[in-house]
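Note sheet for the following structure.
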Amino acid sequence: MKIDELLMRVEESRVDSLRDFQRESAELSRSIGLAYNQAAKLKGMFDGFESIPTKQQKMYDDVMKVMSDLAEVKSKSYSVEMKLKRYR
């Protein structure tokens, strides 16, 4: 039996604790926040133009949609994080 197989069996048999769920949900919220910040940085680069070139308007609109979607997902993720944090 290979070491990798043994490690997978141990990992599969391990019962996750509440703290594990809390840590992972916090990491999820943090990662989504970082993605949102990166999209905002990209939007800022577009905003640096005096006016958005016609060829790039679709990309700009897509970035705005991504930011909107990430904000919504971040809100839901944060809600889960807070529910887990209060869970006893």
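For residues that are of a type in the set (D, E, K, R) and under 30 Å from Lys83 (Cα atoms), tally how many sit in the range 42-69.
Filtering the range 42-69 down to residues of a type in the set (D, E, K, R) leaves 43, 47, 50, 55, 58, 61-62, 65, 69.
Filter once more, keeping what is under 30 Å from Lys83 (Cα atoms): 65, 69.
So the answer is 2.
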- Query: Pick from Leu42, Leu84: which is closer than 20 Å to Asp20 by Cα and either modelled with pLDDT of 95 or more or assigned to a helix (DSSP H, G or I) (or both)?
  - Reply: Leu84
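The values are calculated or read from the model by the stated rules, or taken from the named source; none is laboratory data. Keep in mind it's a predicted model, so treat the numbers as computed, not measured.
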